[in-house]
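This report refers to the structure that appears directly beneath it.
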Amino acid sequence: MRKCPECGSSNLFNNKDKGEIVCRNCGLVIDSRNISLGKEWRDFEESDDSEMRRSGAPTSYTKYDMGMGTAIGSESDAFSLDKKQRYKLQRLKRWQKRLSTVMEKNLKIALGELRRLSSFLNLPTSIEEEAGKIYTEAVQKNLVRGRSIESVVAGVIYAACRRQNIPRTLDEISEASGIDKKEIGRSYRYITRELRIKILPSNPVDYISRFASVLNYGPETQSRGIDILSKALSLELTSGRGPIGIAAAALYIAGLLEGERRTQRDISEVSGVTEVTIRNRYKEIISMLDLEDEIKKIKAKSKEREEEDESL
């Protein structure tokens, strides 16, 4: 128990209004910098008193001012003022907008587009935050000048997805943003090179679960696809080849082996790679993994079953 250093009394009084601890016996102020950890007694926002808190919202790269900016008065506040004061408030608000820097204006537009794309692509908050951080750094280093805001935003979203192993293809981001994927690719490479962002090559396994979900494959087919990819990786079959094409071909083979057949066109529409690419990767994988005989038997059985169904 805390005691008074002057008289040794433990009869102390905690004055929360002044932030002091005082001895009731001799009147000595023992501590004058006492911090109150309770709720705030004032309310600066239009909220319920029970939700009063001393801290504000956390800082975020998805806001142009990190969420720490201050705006002059809302329209509802102006009605409580007389005509002269209301005119003054409106004039101050106008000047605040005019004095915004070019960087702030750029960030306002870009981060709004970033939130829209993230929502459209159903990306987690962590990706949105990562992309906002990368874009803010790019603006601070003057890397956005001469490039369209939309293409750079799409590029940083792709970079954020690659850094956190979230499978999103350039085709998907291109469709959501309305920007050509070649332009997005150029912005992505330029920003990551100038900011020295290290991004590891995509792992084809990351795409399996996503493609399998869209194509309504069962868990057995999904697991078989991952096994095929693991064997292909061990044989260095994926070296120098696009990860999406390899993943699409492995899933196509797994569907054949597990009796959940999907056409190459179906897989092409989901993965965004051409049927020719899927066919080429398919031939390479079954040749290297010695799956040709097994697939021929499965196709022969499937053909016999179709002929029996037609005869009935």
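The values are calculated or read from the model by the stated rules, or taken from the named source; none is laboratory data. The structure displayed is predicted, hence computed values, not measured ones. Note: ideal-geometry Cβ built from the backbone for every residue, glycine included; neighbour counts use all protein chains shown.
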Filter result for K84 (at pLDDT 75 or above, exposed (fewer than 10 other Cβ atoms within 10 Å of the Cβ) and either in the same structural domain as T169 (by TED's automatic domain parsing) or more than 24 Å from I179 (Cα to Cα) (or both)): yes
Go through S187, S223, S202 for me and flag whichever is at pLDDT below 90 and among the polar types (S, T, N, Q). S202
In the range 262-293, what residues are of a type outside the set (S, T, N, Q) and surrounded by fewer than 14 Cβ atoms within 10 Å (Cβ to Cβ)? R265, E269, V276, K283, M288, D290, E292, D293
Answer yes if at least one residue in the range 252-260 is among the aromatic types (F, W, Y), under 27 Å from A300 (Cβ atoms) and assigned to a helix (DSSP H, G or I), and no otherwise. yes
Answer yes or no: is there a residue in the range 195-204 that is surrounded by 19 or more Cβ atoms within 10 Å (Cβ to Cβ), closer than 15 Å to A249 by Cβ and not hydroxyl-bearing (S, T, Y). yes
Return yes or no: is L229 closer than 19 Å to I295 by Cβ, touching a residue at least 12 places away in the same chain (Cβ under 8 Å) and not in a helix (DSSP H, G or I)? no
Suppose we filter the range 205-226 for residues that are loosely packed, with under 13 Cβ neighbours inside 10 Å and part of a loop (DSSP other than H, G, I, E, B); how many remain? 1
